[in-house]
Every structure is written in C-alpha cells, then in structure tokens.
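Read-outs: derived from the displayed coordinates by stated rules, not from any lab. Small disclaimer: the values here were computed from a predicted structure and weren't measured. In this analysis, Cβ positions are derived from the backbone assuming ideal geometry, glycine residues included, and neighbour counts consider all displayed protein chains.
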Amino acid sequence: MTPQGQWKSCRQQISRLLQKIHARTWSLRKIMKSAKREAYLPDLFRVVEALEKLKNQMGDRTLSGQQNKASQSQIVRDDYVILRDQGHDLRNTVTALHGFAELIGEEITENDEAVLLPPIQELITLTGRLEQAVESYVRQLMEEQETVAPDEAPVATVGKTGRQESRKKTEKDLH
Amino acid sequence: MTETEYSAQVLILLVEDNEMNRDMLSRRLRKRGYEVVLAEDAEKALEYLSKTLPDIVLMDISLPGMDGLEATRRIRTFASRNELPIIALTAHATIMDREVAMQAGCNAFETKPIKLANVLLKMSDCLAARTRFREQNL
C-alpha cells in the first residue's frame, strides 16, 4: 500500500472509531440516567466534550477520507497541519478520553455496578483502539516527512534542505 | 518495594497545563493512594519546589511560558533537588526528544497518549533507584 493509501486508511479508521465512540458514549449516558447513576455523568460529559473537541480538531475534511480529488501536495500540506498545529492537542485529548473512560470503569467496578460495566468496558476498548490508531497515524506521517520532496514541503527553507527543515519542524511542532 | 507499598507515602508534583488531563491523572493517582499536588505551569512548579520537596515530579514538557525542559534544568541547579526523580510526560515521540529530555535532567520519559500503568511502573523504578542511591551514600 502506498503511504497515501495508508494515511487514508488511518484517517478512515480514526473516523469510524470516533463515530462509534460518540454513539456508545451517548447510549451509555442514557443507561446511566435510567439506572439513576448520575454520579458518573460529569465524567462522562467530559468524555463527550473531549470527543467533540477531538472531532473538531481533526476536522471533517481531514477525517472523511474525501481527499481523493486533492493533489499530493495538498494532502501533504493537510497532514503537516495536523502535525504542526494539532499534534499536541490531539495527544492530550486522546489521553483524557481514554483516561476518563478508564476512571469511570474503575469507579463502576469499585461500586459493583455490574449493569454499567459492559458498556463502559466497550468504551475503554474503543478509546484504546483510537489511541493506537492515532499513534499509528502520527508515526506514519512523521516517517513520511523524511521522504517528502523539498518542493512539496510547505515550510520555508533557508540554509537547509527542505527535507532537513521539514523534519526539524515536524519534530519541534509535535509539542 | 512495590507500587502499593510506595503509594501510601509518596507525594507527587504533577505539572500539567491541560486541565482535563491534570484532573484525570491526579484523580487516578489519588485513587491509588498517592498524594498529588498540582501545578499548571513551570513557574508555579518552581515556586512550589523552592519550599517543598516532593518524592517525584511528573513534568509535562509542553507548557505555556517556560517549558518542562527548562524547568527541569532549573530544578537540577538546586543541589537539594538533584536526586528528585522527574518523569517527562510528553507528546514528543522521537528518540531525539527522549535524549533531549534526559540531557535536561529527566529520569524517565513517557509519551502521550499516556498509559497509567507505564507511568506507575516508571515511578516505581525511579523511586527504587533513588532509595538505592540514598542507601549507597549513607
């Protein structure tokens, strides 16, 4: 599979996971309300908020897999933007998302809330898979920056080759 | 010594600017018996460290203003803070990033998204190493 094919596959996987997590989070919220377990809702809302933030950060265009018509340089630019502007926030959000899901899971287990355990475990599994998918996507993009041709790199290059400069910027901007 | 044996007596300084992660991580650590003090930036962390010596620092590298690397370098300039274990929590994922963090004075390195089990393991390792160091230098 070409790098572009791999990226597209990664984006589609992330998009599918986000949609699944969103659906499961809302159904879990309903279960908690009907079971009168509102104590868990604030944390669940934080998961929802983190999820919405993540979806907004990644952007529909980037995640929808609708980049077939985009030029190679446009795809590279989009992926640079993710690394440069969103890499740090993205990782923070995924950390919060998975962490809160696990936190709710711990409390449900401690309080012996058996009815709530299966859906939250599914949420933990899904957020864990999202974590892995995002990691894989970011890793692929980082590796690919080393092979991007200088004229495709959207970063100004003064005194360095495009490859050196783009690599440096990619690493620096992942903060 | 195991993680459980450590947790009852360990004071952690968590330096993290992201409010959700700060809340999530501190709650999960407190549930395991750790005492956690929070700092949202490097300046507040340094101010706290000028008065108090925690057992371990979890240091986010990307902080507003002074970053976690510079904060770690400054902590290491205090002789009394030389042995303080510092674990970098960072979105930087490359080997070079790890080396930079270690050169700045961090004892360990955990990349985001953070896995709590990994953080707990690294905390145990750092605390065990500090205990050995102290015993050897008695």
Legend entry - Highest to lowest packing among A:2-15, B:21-34, scored as the average C-beta count within 10 Å: B:21-34, A:2-15
Legend entry - Separation in nanometres of the label points that stand 7 Å from Cα toward Cβ, at A:T125 and A:K20: 0.8 nm
Inset, instruction - Pick out which of B:A45, B:A88, B:A79 has the largest mean-square fluctuation in a Gaussian network model of chain B, springs linking Cα atoms closer than 10 Å. - result: B:A79
Inset, instruction - Beta carbons within 10 angstrom, averaged per residue: use that to sort the peptides A:18-29, B:100-111, A:92-103, highest first. - result: A:92-103, B:100-111, A:18-29
Legend entry - Order of B:K112, A:K30 under a 10 Å beta carbon neighbour criterion, fewest first: A:K30, B:K112
Inset, instruction - Could you run the Karplus curve 6.51 cos²θ - 1.76 cosθ + 1.60 with θ = phi - 60° over the stretch A:120-137 and give me ³J(HN,Hα) per residue in whole Hz, x for Gly and Pro? - result: 6, 5, 5, 5, 4, 4, 5, 5, x, 5, 4, 4, 5, 5, 5, 4, 5, 5
Legend entry - Residue pairs, from the table B:K44/B:K122; A:K20/B:K31; B:K31/B:K115, whose Cα atoms sit over 22 Å apart: B:K44/B:K122; A:K20/B:K31
Legend entry - Helix runs (DSSP H) in chain B reaching 20 Å along axis by Cα, Kyte-Doolittle at least -0.5: B:116-136
Inset, instruction - Quote the relative contact order of the stretch B:3-136 in percent (integer), defining contacts as alpha-carbon pairs under 8 Å separated by 6+ residues. - result: 21 percent
Inset, instruction - Specify whether the C-alpha gyration tensor of chain B places it in the rounded, prolate or oblate class, a ≥ b ≥ c being the square roots of the eigenvalues: rounded for a/c under 1.5, otherwise prolate if a/b is larger than b/c and oblate if not. - result: rounded
